[in-house]
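K.L.:
One structure, pasted below without further comment.
The values are calculated or read from the model by the stated rules, or taken from the named source; none is laboratory data. Given the structure is predicted, the values throughout are model-derived calculations rather than measurements. For neighbour counting, all protein chains shown are included, and Cβ atoms are generated from backbone atoms with ideal geometry for every residue, glycine included. Note: areas computed on protein heavy atoms with side chains; ligands, DNA, RNA excluded. Shrake-Rupley method; radii C 1.70, N 1.55, O 1.52, S 1.80 Å.
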Amino acid sequence: MSTTFEEQIKGNKAIDHISLKWKHGGAYNSWVETGWYASPVIVDLDGDGSLEIVSSAYSLTVLDALTGNLKWRVKSGHDMTEPNAQNVGRTWPNIIVDDIDADGQLEIISAHGNGYVSVYNHDGYFEQGWPQKPISRELRGLKVDDLDLDGTKEIIVTAAVGSKENIWVLSTTEHCGMGGLNLKVTLVMLMAFLITIYLLEI
């Protein structure tokens with residue numbers, strides 16, 4: 001009995017063959033955007049039981065994972081309300097898909113050149129209060145986590161800048177204003193101190 005590729009991977013079986021399912025997903029008519037370091041995310045973005053591929057070189061692209069068909073595309077730093085906008089810059093850090101506001105819906109979080117941080121819903125529209133721009137330099141690090149263990153998640157970004165101020169923590173909570181910039185300096189300094197102590201001990 002034949003097995004699917006996924007079943008062979010899970011069962012550590014030898015793969016019979018690899019075939020090309022589709023190509024040129026997200027490409028324009030005669031060209032593609034230069035890819036950088038942001039890895040694509042494969043996820044059921046809208047909860048319909050089918051997978052999507054979320055990727056970004058400059059613009060943010062969502063494809064149907066089964067067919068490669070384009071579902072939607074927006075320019076970096078912009079959303080579906082601005083179809084003719086230009087990209088604010090390239091996408092260096094990995095894209096993150098997470099439910100950052102605990103509403104049961106997944107959001108897409110991305111960081112770009114010129115310091116833009118964007119949070120989109122699954123249809124390509126900005127969540128309230130986004131994008132944010134903590135600095136005008138290119139952002140090269142992006143992470144989402146509950147730093148202060150209060151049950152809400154923060155967005156952490158770093159930039160391509162040689163400065164002692166190079167970590168920005170953005171709040172995603174309603175009481176701070178959705179997307180309101182919240183530089184939790186004390187927390188960041190504490191984290192840096194703990195990391196330093198850890199490195200000195202190993």
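K.L.:
What about Trp36, is it aromatic (Phe, Trp, Tyr), open to solvent by 40 Å² or more (accessible area, probe 1.4 Å) and either within 16 Å of the chain's Cα centre (by Cα) or at pLDDT 90 or above (or both)?
P.N.:
Working: aromatic (Phe, Trp, Tyr): yes; open to solvent by 40 Å² or more (accessible area, probe 1.4 Å): yes; either within 16 Å of the chain's Cα centre (by Cα) or at pLDDT 90 or above (or both): yes.
It is true that Trp36 is aromatic (Phe, Trp, Tyr), open to solvent by 40 Å² or more (accessible area, probe 1.4 Å) and either within 16 Å of the chain's Cα centre (by Cα) or at pLDDT 90 or above (or both).
K.L.:
Of (1) aliphatic (A, V, I, L, M); (2) free of Cβ contacts under 8 Å to residues at least 40 places away in the same chain; (3) open to solvent by 60 Å² or more (accessible area, probe 1.4 Å), Leu70 satisfies all except one. Which?
P.N.:
Of (1) aliphatic (A, V, I, L, M); (2) free of Cβ contacts under 8 Å to residues at least 40 places away in the same chain; (3) open to solvent by 60 Å² or more (accessible area, probe 1.4 Å), only one is false for Leu70: (2).
K.L.:
Could you tell me how many of the residues in region 44-67 are open to solvent by less than 40 Å² (accessible area, probe 1.4 Å) and in contact with a His (Cβ under 6 Å, 6 or more places away or on another chain)?
P.N.:
1
K.L.:
What's the number of the only condition in (1) surrounded by fewer than 21 Cβ atoms within 10 Å (Cβ to Cβ); (2) touching a Gly at 6+ places or on another chain (Cβ under 7 Å); (3) on the phi < 0 side of the Ramachandran plot; (4) of a type in the set (S, T, N, Q) that Ser118 fails to meet?
P.N.:
Going through (1) surrounded by fewer than 21 Cβ atoms within 10 Å (Cβ to Cβ); (2) touching a Gly at 6+ places or on another chain (Cβ under 7 Å); (3) on the phi < 0 side of the Ramachandran plot; (4) of a type in the set (S, T, N, Q) one by one, Ser118 breaks only (1).
K.L.:
Could you please find all residues in region 148-185 being open to solvent by 40 Å² or more (accessible area, probe 1.4 Å), at pLDDT 85 or above and either touching a Phe, Trp or Tyr at 6+ places or on another chain (Cβ under 7 Å) or not polar (S, T, N, Q) (or both)?
P.N.:
Those that are open to solvent by 40 Å² or more (accessible area, probe 1.4 Å), at pLDDT 85 or above and either touching a Phe, Trp or Tyr at 6+ places or on another chain (Cβ under 7 Å) or not polar (S, T, N, Q) (or both): Leu149, Lys153, Ile167.
K.L.:
Can you name every residue in region 11-27 that is of a type outside the set (Lys, Arg), at pLDDT 85 or above and surrounded by 10 or more Cβ atoms within 10 Å (Cβ to Cβ)?
P.N.:
Those that are of a type outside the set (Lys, Arg), at pLDDT 85 or above and surrounded by 10 or more Cβ atoms within 10 Å (Cβ to Cβ): Trp22, Gly25, Gly26, Ala27.
K.L.:
Restricting attention to region 90-104, report how many residues are surrounded by fewer than 18 Cβ atoms within 10 Å (Cβ to Cβ) and outside any strand (DSSP E or B).
P.N.:
Step one: filter region 90-104 for residues surrounded by fewer than 18 Cβ atoms within 10 Å (Cβ to Cβ), giving 94, 98-99, 102-104.
After this cut, where a residue has to be outside any strand (DSSP E or B) as well, the list is 94, 99, 102-104.
Total meeting the criteria: 5.
K.L.:
For region 121-147: of the residues being among the polar types (S, T, N, Q) and out of contact with any helix residue (DSSP H, G or I) (no Cβ under 8 Å at 6 or more places or on another chain), which is most open to solvent (accessible area, probe 1.4 Å)?
P.N.:
Selected residue: Gln128.
K.L.:
Could you run through region 111-131 and say how many residues are free of Cβ contacts under 8 Å to residues at least 60 places away in the same chain and in a strand (DSSP E or B)?
P.N.:
4
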